[in-house]
Amino acid sequence: MNIIFLGAPGAGKGTQAENVSNKYNIPAISTGAIIRESIKNGTEMGLAAKSFTEAGKLVPDEVVIGIIKERLAKDDCKGGFILDGFPRTVPQAEALDRMGVAIDMVISIEVADEAIVERMSGRRVCPDCGASYHLSYKPAGDGIHCDSCGAALVTRKDDLPEVVLDRLHVYHEQTEPLKDYYAGTGKLKTVIGQIEVADTTRLTFEAIEGGR
C-alpha cells in the first residue's frame, strides 16, 4: 500500500501519516527528514543536497527526487510506504510517475484556512522545557506561564498569523493543484479534518479501508 498525504501547513497530515504508519507497519517518509539523513550519511544525492543547503539555496527537484528514489529502494519500503511532504508540485508528481513509482492512494486532509490560522496562531510553547499549549484547546493555568516550570510562554515565529498566511498562499499556489492531478487518476480521497485528532484519524482509516 503506497500512500501520499496532502494537506496545508497545520492541517495535521503529518500526524495522520504517523498514525497510518503505526497501524499498517509501513514507513512514513518525510522529505525534510530523509534529506537530512542523506546529507548525514554522505550519499551521492545527499552530498548534492548539501552543496545547496550550505549555500542557503533550495534543494532542486532533481536532487530531491534522487533522494526519494534512494529511500524507496530500501527493504522496509517493499511492503508499502507513505510520502509526507512529497510531491509538493505537479512536476514532482510527474517525476514520480516517470520513476515508475506506483501510488495506490492519495489522501488530502482538508481544513479551512481560517481554522488553520486559529489553530497555529493560538499555539504557545515554553522556551525552557519545551511544553506546548494552545490558547483555546490546551491553555496554561494562567494563560501566560508554563505549568511545569513557570517560564513565560512564547509564540514561535512560524506560528505568527502573517507567516501562517504566507505558507498557506504558497500551498494553494504550488501544492493544491496536486488534488486535481490525482483526482484525474481516481486515487484521491478527501478527509475533512476535525477538531479532535482522534476523529480525523477515524475518518482517515475509513478512507483507506474503503479504497483498498
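Descriptive notes on the structure:
- Proximal charge balance of S30 [Cβ under 15 Å; K/R count +1, D/E count -1]: +1
- Near G193, the amide H atoms lying under 5 Å from its own belong to E110, V111; only residues 5 or more places off or on other chains count, and H is placed 1.01 Å from N.
- Separation between Cα centres of segment 55-107 and segment 161-177, rounded to whole Å: 21 Å
- Percent carbon-and-sulfur accessible area, segment 3-116, ignoring ligands, DNA and RNA, probe 1.4 Å: 50 percent
- Spatially proximal lysines relative to K179 (Cα-Cα < 18 Å; intrachain offsets below 8 disregarded): K13, K187, K189
- Helix 197-211 vs. the chain, principal-axis angle (Cα, 0 to 90°, nearest 10): 20 degrees
- Reachable aspartates and glutamates, given that their alpha-carbon falls under 15 Å from the alpha-carbon of K50 and they are not under 8 places away in the same chain: E37, D61, E62
- Column: log10 I(q)/I(0), Debye, Cα scatterers of segment 108-212, q = 0.21 Å⁻¹: -1.10
- Mean ellipticity per residue at 222 nm, deg cm²/dmol - from DSSP H runs of n ≥ 4 across the chain, formula -39500 (n - 2.57): -13500 deg cm²/dmol
- Calculated accessible area for the chain comes out at 53 Å² per residue, all protein chains present (probe 1.4 Å; ligands, DNA, RNA ignored).
- Between H134 and R124, A140, the built amide H atoms are under 5 Å apart, and every one of these is 5 or more places off in sequence or on another chain.
- Candidates V197, P91, M105 compared by Cα position along the dipole of segment 58-212: farthest toward the positive end lies M105, with charges placed on Cβ.
- Distant-in-sequence amide contacts of L83, defined by a placed amide H-H separation under 5 Å and a gap of 5 or more residues or a different chain, comprise I3, I4, F5, I29.
- Vicinal HN-Hα couplings computed from phi for segment 61-77 (Karplus, 6.51 cos²θ - 1.76 cosθ + 1.60; Hz; Gly/Pro x): 3, 4, 6, 4, 5, x, 5, 4, 4, 4, 5, 5, 7, 6, 4, 6, 9
- Share, in percent, of DSSP beta bridges within the chain that are antiparallel, nearest 5: 25 percent
- Heavy-atom accessible surface of E209, to the nearest 10 Å², is about 90 Å², with a 1.4 Å probe and all protein chains retained.
- Karplus-derived 3J(HN,Hα) values for segment 119-135, using 6.51 cos²θ - 1.76 cosθ + 1.60 with θ = phi - 60°, are 4, 7, 6, x, 6, 9, 10, 8, x, 8, 9, x, 4, 10, 9, 9, 4 Hz; glycine and proline are entered as x.
- Peptides 139-150, 194-205 ranked from most to least packed give 194-205, 139-150, packing being the mean of other C-beta atoms within 10 angstrom over each peptide's residues.
- Rounded tilt (10° steps) of 44-53 against the dominant C-alpha axis of the chain: 40 degrees
The values are calculated or read from the model by the stated rules, or taken from the named source; none is laboratory data. These figures come from a predicted structure and were not determined experimentally. Please note: Cβ atoms are built from the backbone with ideal geometry, for glycine as well, and neighbour counts cover all protein chains shown. Just so you know, the surface numbers come from the protein's heavy atoms only, side chains and all, with ligands and any DNA or RNA stripped out. Shrake-Rupley method; radii C 1.70, N 1.55, O 1.52, S 1.80 Å.
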